[in-house]
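Trainee: A single structure is presented below for examination.
The values are calculated or read from the model by the stated rules, or taken from the named source; none is laboratory data. Just so we're clear, the structure is a prediction, and the values are computed from it rather than from any experiment. So basically every Cβ, Gly included, is an ideal-geometry build from the backbone, and we count neighbours across all protein chains shown. Note: accessible area is taken over every heavy atom of the protein model, side chains too, but ligands, DNA and RNA are not part of it. Shrake-Rupley method; radii C 1.70, N 1.55, O 1.52, S 1.80 Å.
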Amino acid sequence: MTSRVIPVSPFVLTVFGATGDLACRKLLPALFRRDFAGQLPDRATIFGVARAAMSRDDFLAMVRAAVTKYVPASETTGPELDRFLSRISYMAADAESDNGWTELAAALSAYAERIQVHYLATAPHLFGPICEKLGQYGLSKGDSRIVIEKPIGKDLESAIRLNQKVGMIFPEERVYRIDHYLGKETVQNLMALRFANALFEPLWTAAHIDHVQITVAESIGVEERGPYYDKCGALRDMVQNHLLQLLCLVAMEPPHSLEADAVRDEKLKILKSLERIDETNAAFLTVPGQYRAGACNGIAVPGYAEEITDRRSSTETFVALKAGVANWRWTGVPFYLRTGKRLQQRSSEIVVTFRKVPHSIFNSNSGKAVQTRLVIRLQPDEGIKLWLMIKEPGPGGMRLQYVPLDMSFAEAFDVSVPDAYERLLMDVVRGDATLFMRRDEVEAAWRWIDPIRRAWSQMNEVPRPYVAGSWGPSAAAALIERDSRTWMEDAP
């Protein structure tokens with residue numbers, strides 16, 4: 001099978017923070033790959049904007065270096081890269097002063113008939129000022145759209161303030177709060193798996209599902225994000241957005257359609273149904289951790305405190321928690337969430353474990369019947385596995401084996417799996433907000449997260465140490481094992 005490339009309408013995309021890490025590592029390579037695939041129209045234009053004064057030639061040299069670094073050489077050695085660079089201009093503008101804004105507005109006015117997208121790939125404290133400038137200089141008119149990255153606030157109060165500032169300039173239907181995890185093919189296929197097949201949805205209830213695990217594990221440390229990460233931690237950096245969004249897609253009711261608000265209405269219901277975790281139960285339901293020196297991928301690495309040069313830091317680099325959804329479909333089904341840095345391997349997956357068969361007809365010589373599992377793997381190799389019991393071939397009697405029905409996107413489709421940013425950028429141009437967070441979703445997530453943070457503070461909860469290269473603190477294993485379950489870390 002091959003995938004289809006659907007062109008989009010002519011647009012002009014302005015990337016604020018165009019010289020930063022996100023633009024160079026993700027956005028510009030993603031745009032190039034869409035151009036390489038033939039999805040960008042001839043009249044697609046990209047403006048890079050940053051504070052630094054820079055010539056267009058110097059900026060294009062930077063873009064060329066970024067694309068060749070992060071895109072396979074097989075795609076960057078032909079004429080396509082020069083074609084992509086010809087679409088790009090650069091202008092200097094200061095988010096916190098009027099410098100450069102008159103010139104930027106004049107340049108963009110030449111493209112007034114096209115779809116206008118403003119992408120804020122900047123530090124979060126600049127989101128509000130940039131939106132104010134866009135409004136002040138007439139760049140928020142018509143159907144112009146604004147894209148903002150996480151973190152959207154550091155707690156509920158700051159998230160509300162930020163949403164209000166953005167909302168004063170751009171109406172909600174033109175605000176795209178991006179979570180790149182939702183752009184992954186496997187995440188979207190979770191909806192197709194549930195709602196386009198008659199097999200799973202009748203079983204997608206507490207009557208048939210034993211528990212759900214959601215893991216987002218990273219083998220890297222904080223790297224250059226140390227100053228930001230130490231003020232944030234894993235709970236706010238990963239759980240509040242990525243993991244809760246994945247939980248919502250697993251647990252939500254079928255929407256009446258795939259319209260953006262229909263999907264987001266159902267996700268919001270799940271966020272509002274999450275059982276509260278606070279000072280009364282946080283010690284039992286949550287485990288914060290912080291990595292110590294160890295080895296990852298065979299290389300010795302320092303501990304978190306040494307990496308950020310602050311031995312007194314109590315910032316968590318790992319979180320495991322047990323969540324519950326209080327509604328008719330899910331009451332009694334635990335959702336085990338965990339995320340962390342410097343873990344044994346890079347792996348992101350959702351594991352839906354079904355209940356045991358009510359009665360086994362097989363004797364002990366046949367082998368143990370293991371619960372059916374649906375494994376939805378987000379990275380590194382996107383795909384879906386359904387683990388089932390079958391009879392081992394041969395005349396030796398009834399011998400049970402646990403084997404997967406395995407679907408890898410790379411093998412099933414004659415195309416490389418697009419990066420999440422490739423899809424999400426094109427969705428913004430199309431005006432499809434289905435995979436983006438709505439304001440009330442963001443605020444509902446913070447309402448659930450904030451009591452956990454307060455509980456840790458009140459309990460003086462110190463992150464549990466774990467060795468870099470392991471699967472986290474032993475308390476995280478105890479969290480699930482006290483329920484007679486285990487984390488699924490490798491194929492059975």
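Trainee: In the set Ile146, Ile160, which member is of a type in the set (Val, Ile, Thr) and free of Cβ contacts under 8 Å to residues at least 60 places away in the same chain?
Mentor: Criteria check complete, one pass: Ile146.
Trainee: Taking only pairs six or more apart or across chains, which ones have beta-carbon atoms under 8 Å, a first residue in region 258-273 that is touching a residue at least 60 places away in the same chain (Cβ under 8 Å) and within 15 Å of Leu435 (Cβ to Cβ), and a second residue that is β-branched (Val, Ile, Thr) and outside any helix (DSSP H, G or I)?
Mentor: Taking only residues 6 or more apart or on different chains, the pairs are Leu258/Thr434; Glu259/Thr434; Ala260/Thr434; Val263/Thr434; Arg264/Thr434.
Trainee: Select from region 472-485 the residues that are open to solvent by 30 Å² or more (accessible area, probe 1.4 Å) and touching a Ser or Thr at 6+ places or on another chain (Cβ under 9 Å) and list them in ascending order.
Mentor: Ala477, Arg485
Trainee: So which helices (runs of 4 or more DSSP H) stay within region 252-332 end to end and still have 1 or more residues that are of a type outside the set (Phe, Trp, Tyr), over 30 Å from Glu224 (Cα atoms) and out of contact with any Gly (no Cβ under 7 Å at 6 or more places or on another chain)?
Mentor: Output list reads 260-273, 282-285.
Trainee: Go through Glu113, Glu103, Glu75, Glu96 for me and flag whichever is closer than 21 Å to Glu422 by Cα and of a type in the set (Asp, Glu).
Mentor: Unique residue meeting the criteria: Glu75.
Trainee: Quick check, is Phe318 in contact with a helix residue (DSSP H, G or I) (Cβ under 7 Å, 6 or more places away or on another chain) and surrounded by 14 or more Cβ atoms within 10 Å (Cβ to Cβ)?
Mentor: It is true that Phe318 is in contact with a helix residue (DSSP H, G or I) (Cβ under 7 Å, 6 or more places away or on another chain) and surrounded by 14 or more Cβ atoms within 10 Å (Cβ to Cβ).
Trainee: Let me ask something additional. Answer yes if at least one residue in region 200-220 is among the β-branched types (Val, Ile, Thr) and open to solvent by 60 Å² or more (accessible area, probe 1.4 Å), and no otherwise.
Mentor: yes
Trainee: Could you please give the count of residues in region 228-280 that are of a type outside the set (A, V, I, L, M) and touching a strand residue (DSSP E or B) at 6+ places or on another chain (Cβ under 9 Å)?
Mentor: Of the residues in that region, 9 qualify.
Trainee: Output the number of the condition that Gly142 fails; it satisfies all remaining conditions of (1) in a helix (DSSP H, G or I); (2) open to solvent by 40 Å² or more (accessible area, probe 1.4 Å).
Mentor: Single failed check for Gly142: (1).
Trainee: Being under 29 Å from the mean Cα position of the chain (by Cα), closer than 29 Å to Leu435 by Cα and basic (Lys, Arg) narrows it down to one of Lys141, Lys154, so name that one.
Mentor: Lys154
Trainee: Do we have any residue at all in region 380-399 that's in contact (Cβ under 8 Å) with a residue 60 or more places away in the chain, open to solvent by less than 50 Å² (accessible area, probe 1.4 Å), part of a helix (DSSP H, G or I) and not small (Gly, Ala, Ser)?
Mentor: Checked against the condition, which is being in contact (Cβ under 8 Å) with a residue 60 or more places away in the chain, open to solvent by less than 50 Å² (accessible area, probe 1.4 Å), part of a helix (DSSP H, G or I) and not small (Gly, Ala, Ser), region 380-399 yields no hits at all.
Trainee: Determine whether region 446-465 contains at least one residue that is open to solvent by 50 Å² or more (accessible area, probe 1.4 Å), over 18 Å from the mean Cα position of the chain (by Cα) and free of Cβ contacts under 8 Å to residues at least 40 places away in the same chain.
Mentor: Yes: region 446-465 contains one or more residues that are open to solvent by 50 Å² or more (accessible area, probe 1.4 Å), over 18 Å from the mean Cα position of the chain (by Cα) and free of Cβ contacts under 8 Å to residues at least 40 places away in the same chain.
Trainee: Can I ask one more? Just to be sure, is Ile361 touching a Leu at 6+ places or on another chain (Cβ under 9 Å) and of a type in the set (Val, Ile, Thr)?
Mentor: No.
Trainee: I'm told Arg236 meets every condition in (1) surrounded by fewer than 14 Cβ atoms within 10 Å (Cβ to Cβ); (2) closer than 26 Å to Trp456 by Cβ except one. Can you identify the failing condition by its number?
Mentor: Arg236 satisfies every listed condition except (1).
Trainee: Being more than 19 Å from Ile350 (Cα to Cα), of a type in the set (Phe, Trp, Tyr) and open to solvent by less than 60 Å² (accessible area, probe 1.4 Å), is that true of even one residue in region 401-411?
Mentor: Scanning region 401-411, I find no residue that is more than 19 Å from Ile350 (Cα to Cα), of a type in the set (Phe, Trp, Tyr) and open to solvent by less than 60 Å² (accessible area, probe 1.4 Å), so the answer is no.
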